[in-house]
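Accompanying notes for the structure given below.
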Amino acid sequence: MSLADLGILGSGPMARYVALAASELGLSVRQAPARGLADALDLLSACGRVVLTDKLPASTLRQACEAAGVPPSRILPHPECLEVVEDKLLQKAVFLRDGVPTVRAVPLEGDGQRAVEEIGFPMAVKARLGSMGGAKTVRFARNPSELQALRPLWHGGGWMA
């Protein structure tokens, strides 16, 4: 069996657009839904490059690369890029490292005192992972009592100020 030029890991509209563009360029294409490790492994072993068009955690893609014995550079976007996109606090750190202007952010941990000292009030309390925002992943605290009222949200980790 010869390798397909491009594997598309996903089944939504973006996957169709990528498949159409690839075929117009004369590339052979293989497609699989992005359900998990098995689909990623299947495409990594059958294709020269794999393009991710649906959400699949970077950790799953890294596992697939290790299991298939191929470098992560075979997946686009690269798993390192996906890790940054998945974690808003990591995004802020990368932006600051690279000189991109952004607001300060710190993890919400323990009693939240670090956030109070470094951010102050008012502050946005956001989930680090997940959606692009909205009522379920962003809250606001104008004072210490409002921050402590939100503690059940951030006490388990995964939130930032």
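With respect to LEU56, is the statement that it is in contact (Cβ under 8 Å) with a residue 12 or more places away in the chain, in a helix (DSSP H, G or I) and crowded, with 19+ Cβ neighbours inside 10 Å true? The answer is no for LEU56.
Residues in the range 107-147 that are modelled with pLDDT under 90 and of a type in the set (Ser, Thr, Tyr) were compared, and the one that is surrounded by the fewest Cβ atoms within 10 Å (Cβ to Cβ) is SER131.
In the range 141-157, the residue that is farthest from PHE121 (Cα to Cα) out of those that are touching a residue at least 24 places away in the same chain (Cβ under 8 Å) and among the aliphatic types (A, V, I, L, M) is LEU153. Please enumerate the residues belonging to the range 77-100 that are surrounded by fewer than 18 Cβ atoms within 10 Å (Cβ to Cβ) and closer than 22 Å to ARG16 by Cα. Once the filter is applied, which keeps residues that are surrounded by fewer than 18 Cβ atoms within 10 Å (Cβ to Cβ) and closer than 22 Å to ARG16 by Cα, the range 77-100 yields PRO77, HIS78.
So which of GLY130, GLY157 is under 21 Å from the mean Cα position of the chain (by Cα), closer than 22 Å to LEU52 by Cα and not in a helix (DSSP H, G or I)?
When all the criteria are applied, what remains is GLY130.
Could you please find all residues in the range 63-80 being out of contact with any Pro (no Cβ under 8 Å at 6 or more places or on another chain) and either small (Gly, Ala, Ser) or touching a residue at least 12 places away in the same chain (Cβ under 8 Å) (or both)?
GLN63, ALA64, ALA67, ALA68, GLY69, VAL70, SER73, ARG74, ILE75, LEU76, PRO77
Residues that are modelled with pLDDT under 85 and either touching a Phe, Trp or Tyr at 6+ places or on another chain (Cβ under 9 Å) or not polar (S, T, N, Q) (or both) are absent from the range 63-80. Taken together, the residues in the range 76-99 that are touching an Asp or Glu at 6+ places or on another chain (Cβ under 7 Å) and of a type in the set (Lys, Arg) amount to 0.
Which residue is surrounded by the fewest Cβ atoms within 10 Å (Cβ to Cβ), if the candidates are limited to the range 1-53 and must be assigned to a loop (DSSP other than H, G, I, E, B) and modelled with pLDDT of 85 or more?
Across the range 1-53, the extreme among qualifying residues is GLY26.
The values are calculated or read from the model by the stated rules, or taken from the named source; none is laboratory data. Treat the numbers as computed from the prediction; the structure is a model and nothing was measured. Virtual Cβ from ideal backbone geometry, glycine too; neighbours counted across all protein chains shown.
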